[in-house]
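Undergrad: Below are the structure tokens for one structure; questions will follow.
The values are calculated or read from the model by the stated rules, or taken from the named source; none is laboratory data. Please read these numbers as outputs of a predicted model, since none were measured by experiment. All Cβ positions, glycine included, derive from the backbone under ideal geometry; neighbour counts span all protein chains shown.
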Amino acid sequence: MTAAGTGTIPIMRPWLGREEAEAAAEAVASGWVAQGPRVAELERAVAARVGAADGVAVSSCTTALHLALVVLGVGPGDEVVVPSLSFVATANVVRYVGATPVFADVEPATGNLAPGTIEPVLSPRTRAVILVHQGGVPADVDAVRGLCAPRGVEIVEDAACAIGADLGGRPIGAHSDLVAFSFHPRKVITTGEGGMVMTRRPEHAARLRRLREHGMSVSAADRHARREVVLEEYLEVGFNYRMTDIQAAVGLVQLERLDAIVERRRSLATRYRDRLAGLPGLRLVDDPPHGRSNFQSMWALLPDDFPVSRDDLLRLLLDRGISARRGIMASHLEPAYAATPHVPLPVTERLTSGSLILPLFHEMTEADQNRVVEGLYSAAGTRER
Ligand SMILES: *Cc1c(COP(=O)(O)O)cnc(C)c1O
């Protein structure tokens, strides 16, 4: 536990209770543990919560994004614009389909792509943009669509971090044809591993359901429910990207917690902002004008004249039992992408090297948060006033 002065404060801890354990146990006791009725129920529940027409549950957000690109027919010879400033999976899925990831820079305030950063890297071969709502900060989808739609460039939203965030007063999840959520424990709600593609196009939903299940013409669950013999066909080369009913059972409970989680995260974020206002030049991520963040990642950009380096600051915090993290990664700086040509990415490089992510989780106490705040003031060599 993390009572004041004891134990390590983690960067994140999912809010899981007895209800999730019981729901998982019920799924096991039912005998139906693979993709089945609970997965279908979770799909309906998430779609209803975010105002999307449909949702297709899969094994992760990475597989959700992969299938989104398959559905769009993106392949070899195509370019897909992605932010380098993102978890590496955003770029990797472009490689999975044999297309070329093209890194674009991000806006300093949000860490997100914007028309002004995408436009310079568009080419006649650009087929799609993967628009990330980084750390739960909503990207301006309408503005990006204004740039992309006239050029026939598709948008896939990487909303891995963004369930529960709003854009223009509406939840993230229903602003585009293909929006991918993650239910990894580092995100806002969790199924252990898991993801979902939200879509408003019935033909996309049908194809996604087929692709996640080996390209089968009839799902295993449907076949089981029929009273007659059903011989399935394999209509195309698909994948096994299914979520299990045990995971979905957990997800149904987690979804009921979503509003409380977002509210708590927002209030802790406000408290961080208030308490850290006395550190000159420190910039904390905040809501953009067009939306409301869920503060999945509470990042802070250090001023150039901060007395210690970012990495030393991480070490000083760890010495105090505080597990902060480096800022959001930049894929173009990783060995896997060393050979990928790219335009200069100065904002990405500044944000990834100069920022850190502060602990923030539902059950974080004010005492925990005070320890983080004190750690930052101590490293800065000043006192909170
Ligand atoms: C976490 C994350 C992913 C990958 O999600 P998984 O569910 O772990 O596959 C993709 N994109 C972004 C922006 C993420 O933060």
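Undergrad: Only residues that are surrounded by fewer than 23 Cβ atoms within 10 Å (Cβ to Cβ) and of a type in the set (D, E, K, R): list them for region 69-122, please.
TA: The answer is 78, 79, 95, 107, 119.
Undergrad: Give me the residue from region 46-68 that is closer than 14 Å to residue 183 by Cβ and of a type in the set (Gly, Ala, Ser) and, out of that set, surrounded by the most Cβ atoms within 10 Å (Cβ to Cβ).
TA: Ranking the qualifying residues of region 46-68, first place goes to 64.
Undergrad: Could you grab me the full set of residues in region 337-371 that are in a helix (DSSP H, G or I), in contact (Cβ under 8 Å) with a residue 24 or more places away in the chain and within 24 Å of the chain's Cα centre (by Cα)?
TA: 337, 346, 347, 348, 350, 351, 352, 353, 354, 369
Undergrad: Those residues that are more than 11 Å from the ligand (Cβ to nearest atom), part of a strand (DSSP E or B) and within 24 Å of residue 59 (Cα to Cα), I need them from region 113-140; list them, please.
TA: 128, 129 - these are the residues of region 113-140 that are more than 11 Å from the ligand (Cβ to nearest atom), part of a strand (DSSP E or B) and within 24 Å of residue 59 (Cα to Cα).
Undergrad: Among the residues of region 278-297, is there at least one that is of a type in the set (Phe, Trp, Tyr), in contact with a strand residue (DSSP E or B) (Cβ under 7 Å, 6 or more places away or on another chain) and buried (at least 19 other Cβ atoms within 10 Å of the Cβ)?
TA: At the first step, the residues of region 278-297 found to be of a type in the set (Phe, Trp, Tyr) are 295.
When the remaining residues are screened for being in contact with a strand residue (DSSP E or B) (Cβ under 7 Å, 6 or more places away or on another chain), the result is none.
There is no residue in region 278-297 that is of a type in the set (Phe, Trp, Tyr), in contact with a strand residue (DSSP E or B) (Cβ under 7 Å, 6 or more places away or on another chain) and buried (at least 19 other Cβ atoms within 10 Å of the Cβ).
Undergrad: For the subset of region 332-385 comprising residues that are hydroxyl-bearing (Ser, Thr, Tyr) and in contact with a Gly (Cβ under 9 Å, 6 or more places away or on another chain), which member is modelled with the lowest pLDDT?
TA: Step one: list which residues in region 332-385 are hydroxyl-bearing (Ser, Thr, Tyr), which gives 337, 340, 348, 352-353, 355, 365, 377-378, 382.
Now narrow it down to the ones that are in contact with a Gly (Cβ under 9 Å, 6 or more places away or on another chain): 348, 352-353, 355, 377, 382.
Numbers: 348: 98, 352: 98, 353: 98, 355: 98, 377: 97, 382: 92.
The selected residue is 382.
Undergrad: Of all residues in region 124-176, which are farther than 21 Å from residue 285 by Cβ and of a type in the set (A, V, I, L, M, F, W, C)?
TA: 128, 129, 147, 148, 149, 153, 155, 156, 174
Undergrad: Further question on the same structure: Going by the conditions given, is residue 201 within 16 Å of the ligand (Cβ to nearest atom), among the basic types (Lys, Arg), in contact (Cβ under 8 Å) with a residue 12 or more places away in the chain and farther than 17 Å from residue 131 by Cβ?
TA: No; evaluated as a whole, the condition is false for this residue.
Undergrad: Could I ask something else about it? Return the residues of region 204-215 that are assigned to a loop (DSSP other than H, G, I, E, B) and either hydroxyl-bearing (Ser, Thr, Tyr) or away from the ligand (no atom under 16 Å from the Cβ) (or both); say none if nothing qualifies.
TA: Initially, region 204-215 is screened for residues assigned to a loop (DSSP other than H, G, I, E, B), giving 212, 214-215.
Hits for region 204-215 are 214, 215.
Undergrad: Where residues in region 156-166 are out of contact with any helix residue (DSSP H, G or I) (no Cβ under 6 Å at 6 or more places or on another chain) and aliphatic (A, V, I, L, M), which of them is surrounded by the most Cβ atoms within 10 Å (Cβ to Cβ)?
TA: Ranking the qualifying residues of region 156-166, first place goes to 159.
Undergrad: Of the residues 201, 242, 264, which is surrounded by 15 or more Cβ atoms within 10 Å (Cβ to Cβ), within 23 Å of the chain's Cα centre (by Cα) and farther than 14 Å from residue 35 by Cβ?
TA: Among 201, 242, 264, only 264 is surrounded by 15 or more Cβ atoms within 10 Å (Cβ to Cβ), within 23 Å of the chain's Cα centre (by Cα) and farther than 14 Å from residue 35 by Cβ.
Undergrad: Suppose we keep only residues that are of a type outside the set (Asp, Glu) and either within 11 Å of the ligand (Cβ to nearest atom) or surrounded by fewer than 17 Cβ atoms within 10 Å (Cβ to Cβ) (or both) within region 141-155. Which one would you say is nearest to residue 288 (Cα to Cα)?
TA: 143
Undergrad: Would you check which residues across region 156-168 are outside any strand (DSSP E or B) and more than 13 Å from the ligand (Cβ to nearest atom) and list them?
TA: The answer is 164, 168.
Undergrad: Could you name every one of the strands (runs of 3 or more DSSP E) located completely within region 25-112 that has at least 3 residues being within 22 Å of residue 201 (Cα to Cα), within 16 Å of the ligand (Cβ to nearest atom) and at pLDDT 95 or above?
TA: Per the criteria, 54-58.
Undergrad: Tell me which of these residue 176 doesn't satisfy, since it passes every other one: (1) within 16 Å of the ligand (Cβ to nearest atom); (2) at negative phi; (3) in contact (Cβ under 8 Å) with a residue 60 or more places away in the chain; (4) not charged (D, E, K, R).
TA: The single condition residue 176 does not satisfy is (3).
Undergrad: Suppose the filter is under 25 Å from the mean Cα position of the chain (by Cα), part of a loop (DSSP other than H, G, I, E, B) and not β-branched (Val, Ile, Thr); does residue 332 pass it?
TA: Numbers: under 25 Å from the mean Cα position of the chain (by Cα): yes; part of a loop (DSSP other than H, G, I, E, B): no; not β-branched (Val, Ile, Thr): yes.
So residue 332 fails the test.
Undergrad: Any residue in region 169-191 that is more than 20 Å from residue 33 (Cβ to Cβ), among the basic types (Lys, Arg) and not in a strand (DSSP E or B)?
TA: Scanning region 169-191, I find at least one residue that is more than 20 Å from residue 33 (Cβ to Cβ), among the basic types (Lys, Arg) and not in a strand (DSSP E or B), so the answer is yes.
Undergrad: Which pairs have Cβ atoms under 6 Å, sit 6 or more apart or on different chains, and link a residue in region 234-248 that is more than 14 Å from residue 221 (Cβ to Cβ) to one that is of a type in the set (Val, Ile, Thr) and in a strand (DSSP E or B)?
TA: Hits for this filter: 241/58.
Undergrad: Return the residues of region 123-134 that are crowded, with 23+ Cβ neighbours inside 10 Å and either farther than 13 Å from residue 68 by Cα or of a type in the set (Val, Ile, Thr) (or both); say none if nothing qualifies. Please lay out each step first, then the result.
TA: So the first thing to find is which residues in region 123-134 are crowded, with 23+ Cβ neighbours inside 10 Å, and the list is 128-134.
The answer is 129, 130, 132, 133, 134.
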